[in-house]
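One structure is given here, and the rest of the page talks about it.
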Amino acid sequence: MDLLIVGLALLFAVNGFRQGLLVSALSFVGFLGGAALGLQIASPIATRLVVGTGQVVLAVAVVMFCAMLGQVLAVYLGNAVRQRLTWRPARVADSAGGAVTSFLAVLLVAWMVATPLASAPFPGLASAVRRSAVIHAVDGTVPASVRDLYQSLRQTVRSGDFPEVFGPLSPTQVPDVPAPDPRLASSPVVSADRPSVVKIVGVAPSCSRRIEGSGFVIAAGRVLTNAHVVAGVRRPTVQTTRGTLDAVVVLYDPDTDIAVLDVPGLTARPLRFATRQAKAGQDAIITGFPQDGPFFVGPARVRTVENIRGPNIYSTKTVVREVYAIRGTVRSGNSGGPLLATDGTVYGVIFAAALDDPQTGFVLTADQVDSDVRIGIAANRQVSTGSCD
C-alpha cells in the first residue's frame, strides 16, 4: 500500500508541475471542500438507503463524488485564471509550487480514504491500512478537528458494533497460538450454564438503531453486559430460556465498557467468575448470540493477557484495561457474553474483535470488571446510558 501511495504522489507531482500552483491549490481546496460537504451527508444517506457492508461502499462513494465534483469546479476556475499569468519567472515558481502541492495533496487524500476503511468490515483491507507507515505518518500531522469531522463516517463504516480496542489505525499485534479444540463446543458445562446466558435487545432513539448483544447472570436479578450493547437504550429487554423480561440499567461505565442490568423476575442461576486468571494457551469457550441469531458456542484459546491502552466506547478519552486476547470467532452480538473456562466458570466478558484479524477477539478479564460488578449488584437506581455513538 505504501508503494502505491508514494507512486501516485509522484505521478500527481508531475501533473502538478504542469498545472502549476494556482490550479493545484484550487484543485486541492475544491477537493477538500467537496469532501467536507460529503462527510456531512454521507452517513445519513448510507444509513437510510442500504444496510450491512453496502453502507460502507455508499458512504465512501458519496464522499468521493462530492470531493471530485468540488475538484472539477475548482480546476476549471484555476485554469481560467492561470491563462492570464504570462511572466516566465512567475510561471516557473507556479509550476514548482504545483508539484509540491500535488504531492502533499495525494498523501492527505490517501489518509482521507484510508482512515474510515481501517474500521471497515474487510479484514484484509483494514489490515493493510493499519500497517501503512505513510498513513500513520500523515495521521500524526492531522489536527484533531479534522479527525472529529471524520467521526460520523468512521461510525458508519465501522465493522459491526464493536468498539475500537487499540485505536483507529493501530494494527492488531498478538502472539500466535494453536487452533482451539473444536470439541469444546460440545462441553457439558455449556448446557449447565446455558440458562444463565441471555440476549439483550433495545432501541437507541438518539440514532434510530436497534441494538442487540449478549449478557449473563451475575446475581439474583442482575445481568452483566457491555456498555456499548445498551448505549443510548432506554428500555432494554432480556431474552431468557423462559421468556422475555423488561430491564433497567443500574450501572453504566463507558470507559471499561461495562453495564449492569436490573431484571425483575429473572430466576436463572448466577455464573461464578474464575478464581485464577487464564494463561496463554489455555482452552476457553465463547458463548452468546452473534448477529442477533440463536445461542452460539465456539471454541477458543487464550493468546495473551495484558493491559491495553485504547479509547473508551465514545473515543473521548484514553483508558487502560486488562484484556485477554483470544483465538476464536467473535462476531457482532457476542458482545457482553461470557468467556467460559472448561469448568464452567467465567474468565471474563467478551467485548470486541480485531477488525484486521478475523481469528482474534478481546475479553475484559474478571479482575478488570470486578469493581463494576460489585457496584452494579448493590445499585438500585436507573442510570443514563448516554448516546449510541
Exercise. Do any residues in region 196-215 that are within 22 Å of Phe295 (Cβ to Cβ) and assigned by TED's automatic domain parsing to the domain that holds Leu339 have Cβ atoms under 6 Å from those of residues that are small (Gly, Ala, Ser) and in a strand (DSSP E or B), where the two are at least six apart or on different chains, and which pairs are they?
Worked result: Val198/Gly215; Ile200/Gly213; Ile200/Gly215; Ile211/Gly202; Ile211/Ala204; Ser214/Gly288
Exercise. Just for region 326-348: of the residues that are not in a loop (DSSP other than H, G, I, E, B) and not β-branched (Val, Ile, Thr), which one is farthest from Val190 (Cα to Cα)?
Worked result: Arg327
Seminar exercise, completed: By residue number, the members of region 132-169 that are surrounded by 14 or more Cβ atoms within 10 Å (Cβ to Cβ) and at pLDDT 65 or above are Ser132, Val134, Ile135, His136, Val138, Asp139, Val142, Phe162, Pro163, Glu164, Val165, Phe166
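Would you point out the residue of region 183-229, among those that are assigned to a helix (DSSP H, G or I) and of a type in the set (Lys, Arg), that is surrounded by the most Cβ atoms within 10 Å (Cβ to Cβ)?
Arg194
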Problem set entry | Filter result for the condition that a residue is of a type outside the set (Phe, Trp, Tyr), without any contact (Cβ under 8 Å) to a residue 40 or more places away in the chain and within 21 Å of Pro236 (Cα to Cα), over Ala378, Ala352 | Ala378
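Residue by residue, here is whether (1) part of a helix (DSSP H, G or I); (2) touching a residue at least 24 places away in the same chain (Cβ under 8 Å); (3) β-branched (Val, Ile, Thr) holds:
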{"residue": "Thr316", "(1), (2), (3)": "no, no, yes"}
{"residue": "Tyr324", "(1), (2), (3)": "no, yes, no"}
{"residue": "Asp357", "(1), (2), (3)": "no, yes, no"}
{"residue": "Gln368", "(1), (2), (3)": "yes, yes, no"}
{"residue": "Asp372", "(1), (2), (3)": "yes, yes, no"}
For this session: Please specify each residue of region 271-296 satisfying the condition of being surrounded by fewer than 17 Cβ atoms within 10 Å (Cβ to Cβ), of a type in the set (Ser, Thr, Tyr) and either within 20 Å of Gln359 (Cβ to Cβ) or touching a Lys or Arg at 6+ places or on another chain (Cβ under 9 Å) (or both).
Result: none
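Listed here are the residues, each with its yes/no results for (1) under 13 Å from Gly215 (Cβ atoms); (2) in contact with a His (Cβ under 8 Å, 6 or more places away or on another chain); (3) crowded, with 24+ Cβ neighbours inside 10 Å.
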{"residue": "Ala341", "(1), (2), (3)": "no, no, no"}
{"residue": "Thr345", "(1), (2), (3)": "no, no, no"}
{"residue": "Leu355", "(1), (2), (3)": "no, no, yes"}
{"residue": "Val373", "(1), (2), (3)": "yes, no, no"}
{"residue": "Arg381", "(1), (2), (3)": "no, no, no"}
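The values are calculated or read from the model by the stated rules, or taken from the named source; none is laboratory data. Only a predicted model underlies this, so the values are computations on that prediction, with no experimental measurement involved. Positions of Cβ are generated from backbone atoms using ideal geometry, with glycine treated the same way; all protein chains shown enter the neighbour counts.
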